[in-house]
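Worksheet: the structure to be examined is printed underneath.
Values quoted throughout were computed directly from the atomic coordinates according to the rules given, and no laboratory measurement underlies them. Model, not experiment: these values are computed from the prediction. Glycine gets a Cβ as well: all are built from the backbone with ideal geometry, and neighbour counts include every protein chain shown.
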Amino acid sequence: RDPYKPPVVWHWVPLIGSTVDYGQDPYSFFFRCREKYGDFFTFGLLGMKVTVYLGAKGNNFILNGKLKDLNAEEVYGPLTGKSPLSLKPLPVFGRGVVYDVDNARFMDQKRLLKEGFSSQNLRAYVPQFVAEVELFVNTNVAFRGESGVCDISSVLSEISLYAAAGSLQGKEVRDSFDSSFATYYRHLDDGFAPVNFMFPWLPTPVNRRRDRAQKMMAKLYTDIIKKRRVTGNQDGSNDMLWALMEGRYKDGSQISDEEMANLMIALLMGGQHNTAASGTWIMLHLAHRPHLIEELYQEQLVVLGGDSPTHETLQQLTLHNNVIKETLRLHSPIHSIMRKVKQSMHIPDTDVVIPAGHILLAAPGVPARSDEFFPHALNWDPHRWDKPLKNDEDAEDDTIDYGYGAVSSKAAYSPYLPFGAGRHRCVGETFAYAQLGAILVTLVRLLQWEQVDPKAPVPATDYSSMFSRPVHPATAHVDGTK
Ligand code: HEM
Ligand SMILES: N#Cc1ccc(COc2ccc(/C=C/c3ccc(C(F)(F)[C@](O)(Cn4cnnn4)c4ccc(F)cc4F)nc3)cc2)cc1
């Protein structure tokens, strides 16, 4: 093997390489390769050379990598909104936002999004989340009668979609969900698939429907924006759309209506998949541990004493938050974070260079499921967080600002990074925790649930779509007679 390049994972067929091995179960693939080749190795993914660099050093190398060396939009662009072949960006997110613009512009957009997630706005969202869960449980056909069996993944998908629509997206979007918007969302979602890595321009019926849906959804938002400009913000609502309408880019210019619409679509798609998948995993693990549901119920009696949760009291529900935290440790919906290598990169303390042209892949989930950082790592056990991770809080941590606020520079060495780190770190974490926390505390208050077959294991993971999620359908027996 060439002494100066990472070892290449053995494979049969040139173009396929290790695509199927990786695509079926990325984590088992990574652990097997680490056994054979160590913390970094190159594998073939649909003809692309993908170099994986595992562990805390790998996470830091990639997530804190320099902009001149590593590029996100070249990898994610075809997935989310840009086709290399033509100037017309391909929908899902659409033109002028996220990976369809240069990084400096996107970092400025992230700054505006982060301002939209202010604690004042989150404070307004929590009662809306609770109301959406109550509405669903009281009216949805899945919960008719005292008890029954339902598919947890479809229940959580709907609850998280309505919860996001009713808060982040705004009243008009929530009201239009009962009609056309839901269909456009589904059509757009069908086009949000890994096959778009390679062939986003395929003129398939699914992709044509996706393109039409993107245009219709964007028009819905631009119509809402025009109407709001006339009426103004009468009831002082706190949604992201108002925040973007009042926002200005660094150079003082306004965000165009189309860019606002496409940013809202990006948040809808990303936020929804992550919250729905994570929420489903939470319910499935709890269905396996009825006594933990009881413990959660006791916790909220003590902390809330029968009151509705607020943004502040949600943060005092320690066990509820540790349930979310532990679920994200094992089931973070994004298993592979990827960047295009623009300039060859030398791996520190080795004689190895990663050539330009490779895709560099970070898998923060690997240290998160390694016994060296988490004893009995594959055990889902929220109480493991009762004693916090020994990160040296006292040692002052230098931060870097990529344009949307200070992010820690040492964080990338953490074995627990479900929200990424560095320049591309998630800005939706506080919203996600508020949403998942409010949904969990309300479902625990209203319902009892357990596995249909108490002896069955927790469902397997489906890695085939953009976000890893439980295999469909994931059913549970639900009892509303609390
Ligand atoms: C459980 C919930 C969530 C998880 C686990 C999650 C995870 C992540 C991860 C791992 C990244 C880094 C991606 C990369 O480095 O390529 C990221 C970035 C991001 N996320 Fe999230 N996310 C969640 C919820 C949300 C929500 C609710 C929103 C917005 C409503 C959101 C918006 C974003 C944005 C704008 C970025 C920046 C992407 C970039 O800078 O390239 N996320 N998220
Ligand atoms: N045979 C075979 C075979 C089968 C299957 C496979 C599967 O292989 C892979 C490999 C990598 C990946 C990567 C996941 C990935 C990355 C980026 C994004 C994103 F950009 F979209 C996101 O970060 C998402 N996000 C973040 N926070 N909230 N949402 C985002 C950012 C900002 C934004 F505004 C909106 C966003 F929503 N989404 C997902 C998925 C599947 C391979 C081979």
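Here are the numbers:
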| read-out | value |
| --- | --- |
| Set K68/K410; K5/K110; K57/K387; K5/K36 screened for pairs whose C-alpha atoms are more than 27 Å apart | K5/K110 |
| Shape of the range 120-199, Cα gyration tensor, a/c cut at 1.5 | oblate |
| Gyration tensor (alpha-carbon) shape descriptor, the range 256-316, a/c threshold 1.5 | oblate |
| Chain lengthening between V302 and D397 when straightened (0.36 nm per residue, less Cα-Cα) | 30.7 nm |
| Relative contact order, percent, the chain [alpha-carbon distance under 8 Å, six or more residues apart] | 25 percent |
| Of the DSSP H helices in the chain, those whose Cα atoms cover at least 24 Å axially and whose Kyte score averages 0.0 or more | 119-139, 257-287, 429-446 |
| Rounded if a/c under 1.5, otherwise prolate or oblate - the range 122-257, Cα gyration tensor axes | oblate |
| Q120 versus D25: modelled label distance in nm, points set 7 Å from Cα along the beta carbon direction | 5.1 nm |
| Paramagnetic reach from K36 (point 7 Å along Cα→Cβ, amide N under 18 Å) across the range 48-65 | 48-54 |
| Chymotrypsin sites (Phe, Trp or Tyr not before Pro) restricted to the range 131-238 and DSSP loop, no more than 15 other C-beta within 10 Å | W201 |
| The range 28-50 residues near the modelled W10 label - backbone nitrogen below 16 Å, point 7 Å along Cα→Cβ | 32-38, 42-44 |
| Loop-located trypsin sites (Lys or Arg not before Pro) in the range 96-188, at most 15 other Cβ atoms within 10 Å (DSSP) | R144 |
